[in-house]
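The structure appears below as structure tokens.
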Amino acid sequence: MTAALEASFARIDRLDPELCAFTEVWHEEARARAEAASRLPLAGLPFAVKGRSGIRSYAARRLIAAGGIPVGATSVPGAGTPWQTWGQGAHGRTVNPWRHDRTPGGSSAGSAVAVAAGMVELATGSDGAGSVRIPAAWCGVFGLRTSAGLLPSPDRTGLATAGVLASSAERADAYLRHVTDAYVPRPARLPVPAVYSPDLGFAAVAPEVADVTRQAVGRLVAAGTVRLVPGSCELLDPARAWFAARAGRPTPSTERLRTANDRVIDALFAGTPLLLTPVAPTPPHGHEGPGDLYSTALTWAFNLSGHPAASVPAGFTADGCPAGLQLVTGRGTDAELLGMACAVEEALGRSPIGRAACGSPP
């Protein structure tokens, strides 16, 4: 994997001054690890970590022990940021590799950009409201938020869990295999029964995003990957409940809202193994901010409920920006979710990783 490590550094050195995905790049430390890592299961696979503290995370330590080589720390929002959909790298503001005038999403901003531009195939992330899934969707890569409690998390509210951004769902297998104990792959049995909810009953989804994700679901049905079943997922807007949980000040009203949504989600998964939705209700916005819109509208209900969720590239909107299809499964079914994501990705086709840096969608 020495060649892979040097290729990773060459791409970082060439592209990062413009994309600003990294806050630090660890050339010498990574090369010093290479010889010993080559004899371990991951055989020196280069990966990036979210933020400067990411190297101390449980997932990073497990990946290193398995022979992964951390090449650098990726960008996250700057201090005092009122919204979390951008990053600040060593060279400046992190840009979306498909359109530099747009945000990459956040808060795992640099991790998504590093994967989308082909600097690494794997990067760690964390997701407290959509912080893995949204940048994955807006940068056109695979993103997984793990079930609450699957991996250690420093977030006392229970909203944030560890996650991964990867060049494909198949590549994310290396993450789950080595950061969890007794991991057993669960290939999907096709077609997977699924419910498609275009808006979870409350979200205002931009027509162009709705069109891309609806077409992606249609392709999955035509390919025999999923079988849509009768049913819906009509939730109450979870915003008040999420903010109350994050602040550590839940009220009877927000707890009733949270309980009502959990009941709907649990009832769905009692009979259907897969829920499909758009990831973000809009395409990536400009660097000036999202205005009054919450890009988390379709993601944070599952942070509250603790379910695993993934973003798979669904296609491109007319402005050249990727959109993601969200896959949600029952609590603790992370391996099953990854198996379904692999099947979905095979039917939809992988996003052209590396071409993103050129800003030219297929």
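Below, the figures for the structure above:
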quantity	calculated
Relative frequency of Cα-Cα separations exceeding 29 Å in the chain, percent	33
Per residue solvent-accessible surface (Å²) - the chain, probe of 1.4 Å	39
Overall Cα dimensions of region 26-89 - principal axes, largest extent first, Å	45, 22, 15
Rel. contact order, % - alpha carbon contacts under 8 angstrom, at least six apart, the chain	19
Contour excess over end-to-end distance, with Cα ends at A210 and R256 and 0.36 nm allotted per residue	13.6 nm
Globularity index of region 249-362, i.e. its alpha-carbon radius of gyration over 2.2 N^0.38 Å	1.24
Carbon plus sulfur fraction of accessible area for the chain, probe 1.4 Å, in percent	54
Ellipticity estimate at 222 nm from DSSP helix runs (n ≥ 4, -39,500 (n - 2.57)) divided over the chain, nearest 500	-11000 deg cm²/dmol
Candidates A114, A270, A335: whichever shows maximal mean-square fluctuation once the chain is modelled as a Gaussian network with Cα springs under 10 Å	A270
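The values are calculated or read from the model by the stated rules, or taken from the named source; none is laboratory data. Since we're looking at a predicted model, the values are computed, not measured. Note: areas computed on protein heavy atoms with side chains; ligands, DNA, RNA excluded. Shrake-Rupley method; radii C 1.70, N 1.55, O 1.52, S 1.80 Å.
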